Amino acid sequence: MSDTSVLPAPLAVRNLFEDLLGRDCTVGPGDPITAADLPTATVAIYTDNAQQIYGVVGMGLPLAANVGAALGLIPAGAAEDSIEEKTLFPNLAENVFELCNVLTSLLNREGAPHVKLYQVIYPGMSLPADARAHLLALGRRLDLMIEVSRYGKGKFSMSLAP
């Protein structure tokens with residue numbers, strides 16, 4: 001792994017969310033995604049040119065639903081319904097996929113391996129064991145609580161491969 005791969009600053013994450021969603025977001029330290037969160041979490045897997053896992057992003061269901069609704073200009077009630085039913089509705093999932101794709105911009109740096117979105121795992125889908133291990137591992141990780149204005153908040157965890 002190149003030593004040019006670094007975690008983005010919380011400010012960069014906040015700026016990306018605000019720019020993409022067109023609304024204020026509050027970003028602060030948060031608890032990491034846990035094994036108990038994974039059945040309802042949305043997990044994005046990022047790979048390098050050699051198709052090796054470069055990083056994994058996990059979003060708790062509340063954050064994924066709220067971001068998906070905000071990005072699609074869908075009323076907050078849709079996100080609340082999605083959270084209550086413990087699933088990410090397809091229209092929200094489509095928007096979350098777009099967010100995960102844009103998050104790639106935080107991982108690509110000059111002189112570092114090119115990183116791309118490989119796969120997004122939604123609630124109820126099987127999470128590959130290697131991605132699960134990366135997401136839950138200690139080490140190079142960023143754990144945040146992100147609140148989207150007028151929608152809600154949730155957990156965001158990014159873990160880079162060692």
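The values are calculated or read from the model by the stated rules, or taken from the named source; none is laboratory data. Keep in mind that what you see is a predicted model, and the values were worked out from it rather than measured. Counting neighbours? That spans all protein chains shown, and the Cβs are built from the backbone with ideal geometry, glycine included.
Quick rundown of the values:
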{"read-out": "Residues of the stretch 106-127 satisfying the condition of being surrounded by fewer than 19 Cβ atoms within 10 Å (Cβ to Cβ), within 18 Å of residue 7 (Cβ to Cβ) and at pLDDT below 95", "value": "108, 109, 110, 111, 112, 113, 114"}
{"read-out": "Count - residues of the stretch 133-162 that are at pLDDT 95 or above and part of a loop (DSSP other than H, G, I, E, B)", "value": "3"}
{"read-out": "Residue among 94, 84 that is modelled with pLDDT of 95 or more and over 15 Å from the mean Cα position of the chain (by Cα)", "value": "84"}
{"read-out": "Residue among 55, 60, 28 that alone is surrounded by 13 or more Cβ atoms within 10 Å (Cβ to Cβ) and either without any contact (Cβ under 8 Å) to a residue 12 or more places away in the chain or under 18 Å from residue 145 (Cβ atoms) (or both)", "value": "60"}
{"read-out": "Residue in the stretch 36-52 that is more than 14 Å from the chain's Cα centre (by Cα), among the aliphatic types (A, V, I, L, M) and under 20 Å from residue 147 (Cα atoms) present", "value": "no"}
{"read-out": "Close pairs from the stretch 38-49: first at pLDDT 95 or above and surrounded by fewer than 24 Cβ atoms within 10 Å (Cβ to Cβ), partner of a type in the set (D, E, K, R) and assigned to a loop (DSSP other than H, G, I, E, B), Cβ under 7 Å, at least 6 apart", "value": "40/86"}
{"read-out": "Test: residue in the stretch 113-132 that is assigned to a helix (DSSP H, G or I), within 20 Å of residue 31 (Cβ to Cβ), over 12 Å from the mean Cα position of the chain (by Cα) and of a type outside the set (Lys, Arg)", "value": "yes"}
{"read-out": "Complete set of residues in the stretch 89-112 that are without any contact (Cβ under 8 Å) to a residue 60 or more places away in the chain, among the hydrophobic types (A, V, I, L, M, F, W, C) and outside any helix (DSSP H, G or I)", "value": "89"}
{"read-out": "Hey, residue 130 surrounded by fewer than 17 Cβ atoms within 10 Å (Cβ to Cβ), farther than 25 Å from residue 49 by Cα, of a type in the set (Asp, Glu) and in contact (Cβ under 8 Å) with a residue 40 or more places away in the chain or not", "value": "no"}
{"read-out": "Qualifying residue in the stretch 76-90 (condition: under 22 Å from residue 137 (Cα atoms) and crowded, with 18+ Cβ neighbours inside 10 Å)", "value": "no"}
